[in-house]
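Before any comments, here is the structure.
The values are calculated or read from the model by the stated rules, or taken from the named source; none is laboratory data. Everything numeric here is computed off the predicted structure, so don't read it as measured data. With ideal geometry, Cβ positions are generated from the backbone for all residues, glycine too; neighbour counts draw on all protein chains shown. Ligands, DNA and RNA are excluded from the accessible area calculation, which covers all protein heavy atoms including side chains. Shrake-Rupley method; radii C 1.70, N 1.55, O 1.52, S 1.80 Å.
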There are 2 protein chains.
Amino acid sequence: MDREKEELKYLIELVEHPSISATGEGIRDTAEYLKELLNSLGITARIFETKGHPIVYGEVGKGNKTLLIYNHYDVQPPDPLSEWTSPPFKATIRNGRLYGRGASDNKGTLMARLMAVKRLLDEGKLNIKLKFVYEGEEEIGSIHLEDFARENKELLKADSVIMEGSGLDIKGRPLIVLGVKGILYVQLEVVTAARDIHSSNAPIVYNPVWELIRALNSIYDGERVLLEGFYDDIRPLTDEEKKLLYSIDVELDKVKESLGVKELKVKDRIDYLEKLYTSPTCNIDGIYSGYIGEGSKTIVPYKAFVKIDFRLVPDQDPYKIFESLKKRLNEIGFKGEVKMLDRGEYPVRTSPSSPIVKAVTESATEVYNKEPVIIINSPGTQPMDVFVKIVGIKDAVSAIGPGDPYSRAHAPDESIDINNYYKAIEHTYKFILRYQET
Amino acid sequence: MDREKEELKYLIELVEHPSISATGEGIRDTAEYLKELLNSLGITARIFETKGHPIVYGEVGKGNKTLLIYNHYDVQPPDPLSEWTSPPFKATIRNGRLYGRGASDNKGTLMARLMAVKRLLDEGKLNIKLKFVYEGEEEIGSIHLEDFARENKELLKADSVIMEGSGLDIKGRPLIVLGVKGILYVQLEVVTAARDIHSSNAPIVYNPVWELIRALNSIYDGERVLLEGFYDDIRPLTDEEKKLLYSIDVELDKVKESLGVKELKVKDRIDYLEKLYTSPTCNIDGIYSGYIGEGSKTIVPYKAFVKIDFRLVPDQDPYKIFESLKKRLNEIGFKGEVKMLDRGEYPVRTSPSSPIVKAVTESATEVYNKEPVIIINSPGTQPMDVFVKIVGIKDAVSAIGPGDPYSRAHAPDESIDINNYYKAIEHTYKFILRYQET
């Protein structure tokens, strides 16, 4: 089998291992598969149990520097299944793209890096220590990663960490991301009765949806988050960060196309960049109450709930904001409950002049023959704070991945361009070679 | 066979004809049975086809007045079957009660009235014209009754109409209901994208739930409906109606218990009565968007919808309010669609001093030896407006039925007290005699 065929075969195998962290489906099986794969490649691997899904940990090589490679092996639920062109856990190739849940987020990235390390090992070129952390709960908020990091601080010590979550922009330029937004994910629930009630009683009983809306109106006015102190801790951008931010070119029409929307909530490119990268959000992920089938049913529902995520920017604090949320709901006499669904994640923004940023930038320029796009922090979230805040690793960067703007992470028909998979392998290979020399 | 035995035999026969409108089971057979029964009693009967289930129509007698008698012959599905003590379509007598699906709702009422007419005919005492409408779709929303009424306006003309839906209260007092609330049932739907979007894009794309909430906030502020003209057409209560309303005795603790709620949205008995019977509502029956499973999923949903029913009081107009709703949503630039899910039903409130109310009240007092409870309008809805608004019948009342608070309409082990069946026959008999004399 030629090298590229073999590298693709490994990716297909991984995509075809379902590993839905929300339900637990296939998680254990996928962790075992990865441990054995690492061992078979000469990487000493073991499984760390957590109170949730297991973490696969591996080590290989030695030298005066240590690089930690973080990925996650879990995926989002594939629902709605009916909207997939081919089954989500059957890796399917159409027009040069590989379709399957996790192809982009994050199995393509995980495997591309591993295949690069395989090349280095096969060629005897590795001369630093590599540590691998493959998490199984990223898509449900990395619930136990923090505990794992606390309990294994020494084991995880490294000079730098390379996280997943990056990829290519609309022009095929690699993205190098110097930080993340944080997140606070909450659920509000209101129960007003023991069962649904005939809606002729609507004048005399509380409707849980109106109560939920009253709460939501006290949190967000459609423009601004109304929680006390919400905006207070936001760290202003440095001039270097501003320069990086405003140099990002983006075509709003292509953004619309890739997101499947007719209009964006932005005035122009600058507004887009400021909002996407530096605005915290209050987003409703789901809401439910009562009768949602076809036609009509006349009831006052007995229960309603809403799921909300707040994306946070440096240096907002998810726990402080959760306290502020509880305080506000208390002030308005909210007749329901609020709970955090996942651990709060802190936002991170790493200095643009750190060594890992230089190595990954220079190798990117070489492999893609294009200037990479450096992003001050991702508009999304990944548990970078665990490594930066808890383990104490100085430099963190999110870079190298095969995903592109058409990859539809978290949605039906997730995919990657297979050529980008091979580029990601090459990029990792050259990045590590350069990083060894810094 | 003595008279009462015969009257019970007819009821048993009808209950033992299944007639489930939701599935269509036994509908045609029951309609044919009723047509033949009416004809056999000397009432000229025929079947009117609709686009749904057939309507049985009958006429008998003549005189200077016409009374229309409305009932429905369809029943709710008997599920869950396992919770019935005796089979739902085998009329079974235990402890003086007759058990069977429809015994109370509405076959007991239908047959009691028919047996009263039989007595009058047998005794040669009928000297007005009676018209009978037996509908077969009441339990599925009277879908085609309006069409039938429009197409047969002249045929259905009458001075008064007596509807079903009444019975006895917890103290055995007959309920006489002078009207109904109307209803406008709408669905609002917002689609902002072709598919769910990763919530890191929340700063730049519209969230359909926030858009729905913006719309809901423009419709209702938690206390008042904000639609232009919404309250304008409300007809104030007359002193007589106020007296009737405030004389209703109710124990709020028992209301809470029966509804399964810990608190009511009312201050006291007077507030309860005013709200329940005279307040229009804006009630959310159901709302849905995005991820509603266990745990968290970070998406901007592509779609959201909400189902709302407005219960209306005299003389609010559901179609006018629907126009006002569309106007408001247009004014706020609502990025979604609004549609009516069912026909709008008009509220009705008949004057307490109308001849039919006097006749039914006086005969009730005589038969039950108790003051009846007169309710100015039901807090619920039934298609009274079809006869009042479309056919143009002046006086409508919902009264006379054998059901009591133990009858479990729509639930397993539906039943009536057999004594209440004979009382309902006697009540109808005396009501018609009095009505003839007014």
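A few comments on the model shown:
- Averaging the Cα positions of each part gives two centres, and for the stretch B:114-128 and the stretch A:90-130 these lie 89 Å apart.
- One chain, two ends: A:D315 and A:N95. Fully extended at 0.36 nm per residue, the span grows by 74.9 nm beyond their Cα-Cα distance.
- Accessible area of A:I27 in the full protein assembly, 1.4 Å probe (Å², nearest 10): 10 Å²
- Rolled with a 1.4 Å probe across the full set of protein chains, the surface gives A:E223 an accessible area near 150 Å².
- Note on the stretch B:34-185: Cα convex hull, mean projected area over all directions, 11.6 nm².
- Stokes-Einstein D in µm²/s, Kirkwood radius over Cα pairs - the stretch A:235-279 at 10 °C with 1.306 mPa s viscosity: 140 µm²/s
- Within chain B, helix-based [θ] at 222 nm, where runs of 4 or more DSSP H residues each add -39,500 (n - 2.57), nearest 500: -10000 deg cm²/dmol
- Drop in accessible area of at least 30 Å² in the complex versus isolated chain, residues of the stretch A:267-298, 1.4 Å probe: A:L276, A:T281, A:N283, A:I284, A:D285, A:I287, A:Y291, A:I292, A:G295, A:S296, A:T298
- Descending Cα extents along the principal axes, the stretch B:110-231, whole Å: 81, 39, 29
- By accessible area with a 1.4 Å probe, ligands and nucleic acids excluded, highest first: order of A:E123, A:E371: A:E371, A:E123
- Distance from the stretch A:345-383 to the stretch B:220-297 (C-alpha centre basis), Å: 57 Å
- Heavy-atom accessible surface that A and B bury in contact, both chains counted, 1.4 Å, Å² to 100: 6000 Å²
- When the C-alpha to C-alpha distance is required to be over 25 Å, the pairs from B:K254/B:K370; A:K327/B:K307; A:K267/A:K389; A:K326/B:K262 that qualify are A:K327/B:K307; A:K267/A:K389.
- Shielded residues, the stretch A:206-245 - accessible-area loss of 50 Å² or more between chain alone and all protein chains, probe 1.4 Å: A:Y206, A:W210, A:I213
- Bridgeable lysines around A:K65 (alpha carbons under 16 Å apart, same-chain partners fewer than 8 residues away excluded): A:K125, A:K129, A:K131, A:K157, A:K358, A:K394.
- Label points for A:G222 are taken 7 Å from Cα along Cα→Cβ. From this copy to the others they lie 1.7 nm apart, shortest first.
- Accessible area, probe 1.4 Å, largest first, for residues A:H53, A:H427: A:H53, A:H427
- Restricting the calculation to Cα atoms, the stretch B:1-81 yields a radius of gyration followed by a Dmax of 14.4, 48 Å.
- Computed over neighbours whose Cβ is under 14 Å from that of B:E331, the net charge equals +3, Lys and Arg +1, Asp and Glu -1.
- Of the accessible area of the stretch A:235-279, computed with a 1.4 Å probe over protein heavy atoms only, carbon and sulfur atoms account for 50 percent.
- Rounded to the nearest 20, the Cβ-based charge dipole of chain A about its Cα centre (Lys and Arg +1, Asp and Glu -1) stands at 320 debye.
- Copy-to-copy label separations for B:P412, where each label sits 7 Å from Cα toward Cβ, in nm and ascending: 3.9
- Computed on the Cα trace of the stretch B:243-368, the radius of gyration divided by the Kirkwood hydrodynamic radius gives Rg/Rh = 1.10.
- Summed residue charge, Cβ within 11 Å of A:N420's Cβ, Lys/Arg positive, Asp/Glu negative: -1
- For the pair A:K335 and B:R173, a Förster radius of 56 Å applied to the C-beta separation gives a FRET efficiency near 0.95, rounded to the nearest 0.05.
- Cross-link partners of A:K118 among aspartates and glutamates (Cα-Cα below 17 Å; sequence separation of 8 or more within a chain): A:D2, A:E4, A:E6, A:E7, A:E13, A:E36, A:E59, A:E426
- Label-point spacing at A:T23 relative to the other copies reads 3.1 nm, in ascending order, each point sitting 7 Å out from Cα along Cα→Cβ.
- When nucleic acids and ligands are ignored and a 1.4 Å probe is applied, B:R28 ends up with an accessible area of around 110 Å².
- Listed residues A:G24, A:Y288, B:V56: farthest to the positive end of the dipole of the protein assembly as shown (Cβ charges): A:Y288
- Secondary structure note: in chain B, about 70% of the DSSP beta bridges are antiparallel.
- Relative frequency of Cα-Cα separations exceeding 33 Å in chain A, percent: 37 percent
- Taken over the protein assembly as shown, the convex hull of the Cα atoms encloses 180 Å³ per residue.
- 1.4 Å probe accessible area per residue over the stretch B:235-279, in Å²: 63 Å²
- Nearby aspartates and glutamates by direct alpha-carbon distance to B:K320 (threshold 19 angstrom, same-chain neighbours under 8 apart not counted): B:E146, B:E228, B:D232, B:D233, B:D309, B:E331, B:E337, B:D342, B:E345, B:D385
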